[in-house]
1. Would you mention how many residues in region B:183-222 are among the aliphatic types (A, V, I, L, M), within 14 Å of chain A (Cβ to nearest Cβ) and part of a helix (DSSP H, G or I)?
2. Quick one: how many residues across region B:233-248 are more than 16 Å from B:PHE292 (Cβ to Cβ) and under 21 Å from the mean Cα position of the chain (by Cα)?
3. Confirm whether A:VAL107 is more than 21 Å from A:LEU61 (Cα to Cα) and of a type in the set (A, V, I, L, M).
4. Against the condition in contact with a Gly (Cβ under 9 Å, 6 or more places away or on another chain) and crowded, with 23+ Cβ neighbours inside 10 Å, how does B:ASP150 come out, does it pass?
5. Tell me, please, whether a residue that is within 22 Å of the chain's Cα centre (by Cα), of a type outside the set (Gly, Ala, Ser) and surrounded by fewer than 20 Cβ atoms within 10 Å (Cβ to Cβ) can be found in region B:286-303.
6. Just name the residue that is farthest from the other protein chains (Cβ to nearest Cβ) out of those in region A:85-106 that are free of Cβ contacts under 8 Å to residues at least 12 places away in the same chain and farther than 20 Å from A:LEU23 by Cβ.
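The values are calculated or read from the model by the stated rules, or taken from the named source; none is laboratory data. Everything numeric in this text was worked out from a predicted model, so none of it was measured. Every residue, glycine among them, receives a Cβ derived from its backbone with ideal geometry; neighbour counts consider all protein chains shown.
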There are 2 protein chains.
Amino acid sequence: MAEFDWIAKYFAPLATRAGAAGLVDDVAEVSGKASIVTVDALVEGVHFLGDDPIDTVARKLVRVNVSDLIAKGARPDEALLTLGWPKAREEAELAAFAKAFGEELGVWGVSLIGGDTVASPDGVFLSLTMTGIAATARAPIRRSGARVGDEIWLTGEKIGASALGLADRRAGDVSEASAIYQVPVIPDLEMADVIAAHATASMDVSDGVLADLQKLLAAGGCGGNLALDQVGVYRAGAAEATLGEVLAACVGGDDYQCLFTAPGSATRAIEAAGRSVRVVGQVDAEAGLRLFWHGEPVPLPETTGFEHS
Amino acid sequence: MAEFDWIAKYFAPLATRAGAAGLVDDVAEVSGKASIVTVDALVEGVHFLGDDPIDTVARKLVRVNVSDLIAKGARPDEALLTLGWPKAREEAELAAFAKAFGEELGVWGVSLIGGDTVASPDGVFLSLTMTGIAATARAPIRRSGARVGDEIWLTGEKIGASALGLADRRAGDVSEASAIYQVPVIPDLEMADVIAAHATASMDVSDGVLADLQKLLAAGGCGGNLALDQVGVYRAGAAEATLGEVLAACVGGDDYQCLFTAPGSATRAIEAAGRSVRVVGQVDAEAGLRLFWHGEPVPLPETTGFEHS
């Protein structure tokens, strides 16, 4: 099936804004409301597995971009999709991809305005460009603004499910965690407003909490401590997570929650917003990251994060 | 080499605008001047060959996007790069890619503001998102505005070199044409101003002059004629091109020149702009495309264009 037909059949119905011109043209007009832009790619065999259901891949693609924008205090606006599609994948799979992609864009209030579809000699590869509207004039909140004395906040109830889910998937198992690996849980859009209003530094957690917190503190020229017992960790059973489980969760990747810093004066307002977010540490002046478990120091693991490679 | 190091070493030096934040963050701030956006992908084995020098691939990537914007009456502004890079490609190749990419962005006045680098299990794949500033309030010029009586214009001195060059490359030959296949000749930026001022419909020629002219006329709900003898065609020798050579050039792809329509009242102004562009036909009310060779009708070939597949 030719590129032109694919676009008309599966993607044009998703592109309802005037600026998209029904995807019949080579360029789109942007809404003019967005001042922020991000791009994220997902590659078969790297960011998802060849036998992951293609609808979950579509949802993950949207979410990893939305997560970037929320972490910067922006609400997503418009998107352009680059789709590299192997001939060996059936048209029904393309239809399933487009359906889930459209639904997921709808969940987050994003309009498809353009893209490019190309043949792929091997696996599926995807790149999504997404624009965002700054929730306040302070946004985008950069990585580099952490100040000594700030609280360190982490969104989400439980991290680490994706890493466990990837292990399950590689073992051929299907689990609640593997479903989260396939379609990550990300903060809701209101978190963008909270971050835009209060955060001094912010980023999304994609390479592991420890590694990403190290990056954030280093970017701000400061250091900090992390109370591992305050980090909500995903586990299959009901018992409380052990230190080993918490550390494993904090070096696992693909969580796509937000890690941000804010002054103590903002704590009440952040809590009052009623979102899923909690204080997990404090910024201090001594370079580096120090870990604690119920008040006792814990050595930093040699590997603090996850590299997609 | 980790993604973070690649970006810092090879791409951050290209990202000099404040909005790029040195590529250390996950989002960029756009200039606010651009209202138009396009995205184009190049895939190893589909749009370029595995042994094409990687610096030519970088230049082609920039040019195919710039060509889209010029055809719509826009000057390019900012870009975001998605780079899928196989482990098997050496770092020296990445350095060569980044160097040529930066130089080529500079040629067209484009600033790199963001991107994503990911591992590729197989070949190189590239997706470039590029924003454009409308050269007049009429832009973007859509495909669909052609009116009966308009002249049909084609930019560039000679088309068809890329198609010949691809054949040369596949035969293992190096030629002037193969160099044009690798790095297409596109219109200069001033052509964006001409198109934005005068064109009623416009698109870039990437799938062949005949196929793309068919699309443009159909989008406008009209038809037209093309004087094949007025189309400048690339050929290695000095002799004038035969009808067969002209037809071959007009169904070949990868030219990236602009095809546009404009009313006769604009002819003098378009010529006065002094760009490389000429009238090759006229729009009429009868659906379909009719070909002529020195005034004599010529049947339309069964295949009018080129599909990258």
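1. Matching residues across region B:183-222 total 8.
2. 3
3. Taking the combined requirement at face value, the residue does not satisfy it.
4. So B:ASP150 fits the description; yes.
5. yes
6. Result: A:ALA92.
Results for (1) among the polar types (S, T, N, Q); (2) assigned to a loop (DSSP other than H, G, I, E, B); (3) in contact with a His (Cβ under 7 Å, 6 or more places away or on another chain), shown as yes or no for each residue.
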{"position": "B:GLY244", "(1), (2), (3)": "no, no, no"}
{"position": "B:THR261", "(1), (2), (3)": "yes, no, no"}
{"position": "B:SER265", "(1), (2), (3)": "yes, no, no"}
{"position": "B:GLY274", "(1), (2), (3)": "no, yes, no"}
{"position": "B:PRO301", "(1), (2), (3)": "no, yes, no"}
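Quick grid of which residues meet (1) β-branched (Val, Ile, Thr); (2) out of contact with any Leu (no Cβ under 8 Å at 6 or more places or on another chain):
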residue	(1), (2)
B:ALA134	no, yes
B:ALA146	no, no
B:LEU154	no, no
B:SER162	no, yes
B:ALA167	no, yes
B:GLU176	no, yes
B:VAL183	yes, yes
